[in-house]
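Okay, structure first, notes after.
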Amino acid sequence: MHPRTPTEYALRVCIDGELDIPIVASRFRAWAQRSGASTIDIARITTAAIELTTNVVKYAQRGELYGRLLETPRQRAIELIVEDRGPGIADVAQAIGERFSTGGTLGLGLPGVRRLMDEFEITSQLGRGTVVRALKRIE
Amino acid sequence: MLSRHRINARDLELVRASGAELLPRLDEYVEQFYAWLRQEPEFGQYFNDETLLRHVQNMQVEYWKRFFIGVVDDSYVINRRHVGEVHARIGLSVAAYFAAMDISLAMLTDMLPMSDTRYETYRAITKLIHLDTAVVTVSYNHIINEKMAGQAQALTEMSTPVTSVAEDVLMLPVVGLIDSRRAQEILSSVLGRIAETRARVFIIDISGVSVVDTAVANHLIKLTRATRLMGCKALLSGLSPAIAQTIIELGIDVSAIDTHATLRDALEESLRLVGIKLVRSHNE
Ligand SMILES: Nc1ncnc2c1ncn2[C@@H]1O[C@H](COP(=O)(O)OP(=O)(O)OP(=O)(O)O)[C@@H](O)[C@H]1O
Ligand SMILES: [Mg+2]
């Protein structure tokens, strides 16, 4: 896991408990709104950010969320990274499958984020932690 | 914690040795310190009350006596944590606390006699003061978090206004985010009101909710099930197009919930369900 510098990522929020979920939600939404994304895309990206943050709180206790706007002459996209140094996921394929949950909830968070976003990548190592990277292209 | 602040046995020894020099002259420090404090606006409030002022001064003397004993153990840390809590509870800012510690450091170390170990002693005292300050800051934080949690709790309690909008019809507008505690609060207050009023229809309006994630959806599904068990039908209203879309993409099955785009639609449906017909009166 490489360190992410504040200059690279305009948005950086520490996740340290349930009370941080609304903070992530409002900061992320406010930041995404400035990017000029459509209402529906803001809803998608914010929902994805909250899902991943909730997972950190539930399964890894603490972690960090990063966001940045990627711009090329032809395209703009919002990149979202949520990482933790928690227990890791034993079987990633199973975790991103529909309705798999070790927490007794719906088990739709990870597969849902995958559908909400255009790119989705998850790296996890048992005992080391989990990094989820997702990207949404915005018009 | 000692190693984090790079405090070793030699440092503590120097702190103890300097205590032998400084403690007898602590009155001088106290005098100087209060002269400084008097012109600090934030501390003004403590000077109106003589007994309070005396108490605070005594506490401060105790603080430095303890400091120059030069023993950092559990009880020392607990004592420092307590100091932080007291300061936070009386509403003194962290900034003011830092300023006071810094000026104390300057005043005390200026009183150190010239010697070969003067610089080393100065460093040792500084490190220990920084350790104290770190502990105090953490406990400040703790108090502030407690306060925030308390406020959130108070807000939660205020924000579940389940209202009767027609005979047999209850309504709850939800604003903001629904976390698990709030969901629990909503569930128990809704079920309580249903039992009390024997309502047959319950409308939950989420037009003030900005995000529906899987956790919130799960709470809503549970709420619907629970109300149904009590013989009351739940209607969900106020889903914006963006929220409807994200719910679908998340893959949440909302077929069990009777959803309506607007509160008005839900209200009309609820009246139909309980058999109330609204007619316009024609007053001349
Ligand atoms: N950051 C994480 N660290 C460790 N395990 C995780 C992490 N995120 C997800 N998991 C594992 O992957 C499973 C699936 O996650 P997902 O978000 O899809 O469902 P859920 O959190 O259990 O339920 P839902 O998100 O629907 O409320 C979790 O139950 C958990 O076992
Ligand atoms: Mg989840």
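Throughout, read-outs are computed from the coordinates displayed, never taken from laboratory work. Note that the coordinates shown come from a computational prediction; the quantities given were computed from them, not determined experimentally. Methodologically, a virtual Cβ is constructed for each residue, glycine included, from the backbone with ideal geometry; neighbour enumeration extends over all protein chains shown.
Hey, among A:G97, A:G88, A:G103, A:G107, which residue is within 12 Å of ligand 1 (Cβ to nearest atom), over 10 Å from the mean Cα position of the chain (by Cα), assigned to a loop (DSSP other than H, G, I, E, B) and without any contact (Cβ under 8 Å) to a residue 12 or more places away in the chain? Steps first, please.
Working: A:G97 fails: without any contact (Cβ under 8 Å) to a residue 12 or more places away in the chain; A:G88 fails: without any contact (Cβ under 8 Å) to a residue 12 or more places away in the chain; A:G103 fails: without any contact (Cβ under 8 Å) to a residue 12 or more places away in the chain.
Unique residue meeting the criteria: A:G107.
Filtering region B:17-56 to residues that are of a type in the set (S, T, N, Q) and exposed (fewer than 15 other Cβ atoms within 10 Å of the Cβ) leaves B:Q39, B:Q45, B:N48, B:T51.
Take B:E269 and tell me if it is over 24 Å from A:G112 (Cα atoms), of a type in the set (D, E) and in contact (Cβ under 8 Å) with a residue 12 or more places away in the chain.
Working: over 24 Å from A:G112 (Cα atoms): yes; of a type in the set (D, E): yes; in contact (Cβ under 8 Å) with a residue 12 or more places away in the chain: yes.
So B:E269 fits the description; yes.
Restricting A:L65, A:L135, A:L116 to residues that are more than 16 Å from ligand 2 (Cβ to nearest atom), touching a Leu at 6+ places or on another chain (Cβ under 9 Å) and in contact (Cβ under 8 Å) with a residue 40 or more places away in the chain narrows the list to A:L135.
Taking the criterion of being near ligand 1 (Cβ under 9 Å from one of its atoms) and of a type in the set (D, E, K, R), the residues of region A:44-79 that qualify are A:E51, A:K58.
On the stretch given as region A:110-139, residues that are within 17 Å of A:T46 (Cβ to Cβ) and either within 11 Å of ligand 1 (Cβ to nearest atom) or aromatic (F, W, Y) (or both) total 6.
Among the numbered conditions (1) within 8 Å of ligand 1 (Cβ to nearest atom); (2) part of a strand (DSSP E or B); (3) within 20 Å of B:I243 (Cα to Cα), the only one that A:V82 does not meet is (3).
Evaluate region B:253-267: report whether one residue or more is within 34 Å of the chain's Cα centre (by Cα) and buried (at least 16 other Cβ atoms within 10 Å of the Cβ). Yes, some residue in region B:253-267 is within 34 Å of the chain's Cα centre (by Cα) and buried (at least 16 other Cβ atoms within 10 Å of the Cβ).
Within region A:15-35, being over 18 Å from B:I243 (Cα atoms), surrounded by 12 or more Cβ atoms within 10 Å (Cβ to Cβ) and away from chain B (no Cβ under 11 Å) holds for A:I15, A:R27, A:W31, A:S35.
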